[in-house]
Amino acid sequence: MEKVAILANGGDVSGFNAVIRGIVKTAEQNNIKCYGIIEGYKGLLENNFVELNSYTNASGILDKGGSIIGSSTNANVFNYKVEENGETVYKDLSDICVENAKKDGFDCIFTLGGDGTQKSARDLYLKGLNVIGVPKTIDNDVACTDITFGYNTAVSVAMEALDRLHSTGETHHRVMVLEVMGRYAGWIALESAIAGGGDVALIPEIPFDIDKVADKIKERISKGKRFSLVVVAEGAMPKGGEVTVKGTRDNGSGVDNTKLGGIGEKVAAKLQELTGLEARNTTLGYMQRGGTPTAFDRVLSTKYGAKAMSLALEGKFGVLAVLKNGKLDSVPLEDVVGENKKIGAVSGNTKESNLRRVTMDDDLVKTARCIGICLGD
Ligand code: F6P
């Protein structure tokens, strides 16, 4: 093994750079040259990369948000958007990626990303590339691992927001709603509600009954608490209803291109009507993804980076570095994609995706119920 390359793909999270640093440093310890592919799979397609060195361009990055090698949210190389004769067409350009990686002599490519990124990684592996995935996403919804990097920072940001909403909500006797990210999985909402003293957590996995939520708030009022904290995942929906869509995005083909947002406003308006308290919504948005990672994420990301490079040294490819019961491990990318087996067809964040959702027997759900957090059911 002489040369390895890293690509960061999909929506950014805090911790991208810490993983990159972990890989680069482990590679250097083993006299292996490490390269950074610019802007994810787009860079692989365009053969755009730089050499990374922990003493120069990859120095001082542990605490930095974003990604020093960029990232791409719309680069499904199996169905890539191109303009041809004034028309938009989608083409399978994955063979170019395979040729580029072979020509450049990359013995392994590390794919830092969520389910879509790992789906493409698995497909490229089947086409002959040595790949090793590292599980990223603030939503914490990548299959086969206990936790993704970036998630803990998102939860911490949401917790801090709840602490701040707590004091203003209490002062003005208001219902304070916090809309957080989480398209298909409610991990951020659930965990931040526990960490930040939320009274209600509404998650995509449990369609909610707004009357039950209002009852919880009224019960608190009757006991002297004239304010409440309600955390709502962007993907939460009422019983028998749909998710709230704010618009569309252009994250490529084979992806759920709805831009979610707005459920927090709806929940706040309804709760104001039902409880008699004033209600206000705050949408946390991209605050959850930017900025410096928590200590936990710095350590987790470094562990993932070191593990991924160690797997490469062992010659273990086509796998995802994971954390299982607190221990670093690896699982075949084949397991990560689940039943979404067809090469290239769909990428990530779709109904076909093999996502890790909150299950009703999870300790977070049990804990929330034990302490009386209303989950809307
Ligand atoms: O999947 C991670 C995530 O942060 C979701 O929670 C959110 O819906 C989505 O990305 C937003 O993505 P974009 O960067 O395309 O707006």
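The values are calculated or read from the model by the stated rules, or taken from the named source; none is laboratory data. None of these values were measured; they are calculated from a predicted model. Note that we place each Cβ from the backbone using ideal geometry, even for glycine, and neighbour counts take in every protein chain shown. Accessible surface areas use protein heavy atoms only, side chains included; no ligands, DNA or RNA. Shrake-Rupley method; radii C 1.70, N 1.55, O 1.52, S 1.80 Å.
Can you say whether Asp115 is open to solvent by 60 Å² or more (accessible area, probe 1.4 Å) and in the same structural domain as Tyr304 (by TED's automatic domain parsing), as far as the supplied structure shows?
Numbers: open to solvent by 60 Å² or more (accessible area, probe 1.4 Å): no; in the same structural domain as Tyr304 (by TED's automatic domain parsing): yes.
Spelling it out, it is not the case that Asp115 is open to solvent by 60 Å² or more (accessible area, probe 1.4 Å) and in the same structural domain as Tyr304 (by TED's automatic domain parsing).
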For this session: Collect the residues in the range 114-152 that are among the polar types (S, T, N, Q) and assigned to a loop (DSSP other than H, G, I, E, B), keeping them in residue-number order.
Result: Asn130, Thr137, Asn140, Thr145, Thr148
Exercise. If you go through the range 31-49 one residue at a time, do you hit one that is assigned to a loop (DSSP other than H, G, I, E, B) and in contact with a Leu (Cβ under 6 Å, 6 or more places away or on another chain)?
Worked result: no
Exercise. In the range 236-253, what residues are in contact with a helix residue (DSSP H, G or I) (Cβ under 8 Å, 6 or more places away or on another chain) and part of a loop (DSSP other than H, G, I, E, B)?
Worked result: Ala236, Met237, Val243, Thr244
Exercise. Which one is most open to solvent (accessible area, probe 1.4 Å) among residues in the range 205-239 that are touching a Leu at 6+ places or on another chain (Cβ under 7 Å) and within 16 Å of the ligand (Cβ to nearest atom)?
Worked result: Glu234
For this session: Give the number of residues within the range 267-302 that are surrounded by fewer than 17 Cβ atoms within 10 Å (Cβ to Cβ), more than 15 Å from the chain's Cα centre (by Cα) and of a type in the set (Ser, Thr, Tyr).
Result: 1
Exercise. So Thr248 clears everything in (1) without any contact (Cβ under 8 Å) to a residue 60 or more places away in the chain; (2) away from the ligand (no atom under 11 Å from the Cβ); (3) in the same structural domain as Asp199 (by TED's automatic domain parsing); (4) open to solvent by 30 Å² or more (accessible area, probe 1.4 Å) except one condition, right? Which one?
Worked result: (2)
Seminar exercise, completed: Condition set in a loop (DSSP other than H, G, I, E, B) and of a type in the set (S, T, N, Q), scope the range 346-375, selection surrounded by the fewest Cβ atoms within 10 Å (Cβ to Cβ): answer is Thr359
For this session: Could you list all residues from the range 129-143 that are under 20 Å from the mean Cα position of the chain (by Cα) and surrounded by fewer than 22 Cβ atoms within 10 Å (Cβ to Cβ)?
Result: Ala143
Exercise. Restricting attention to the range 153-166, does a residue exist that is part of a loop (DSSP other than H, G, I, E, B), surrounded by fewer than 24 Cβ atoms within 10 Å (Cβ to Cβ) and either assigned by TED's automatic domain parsing to the domain that holds Val231 or modelled with pLDDT of 95 or more (or both)?
Worked result: no
Seminar exercise, completed: If you go through Thr111, Thr73, Thr26, the only one that is touching a helix residue (DSSP H, G or I) at 6+ places or on another chain (Cβ under 6 Å) and not in a helix (DSSP H, G or I) is Thr111
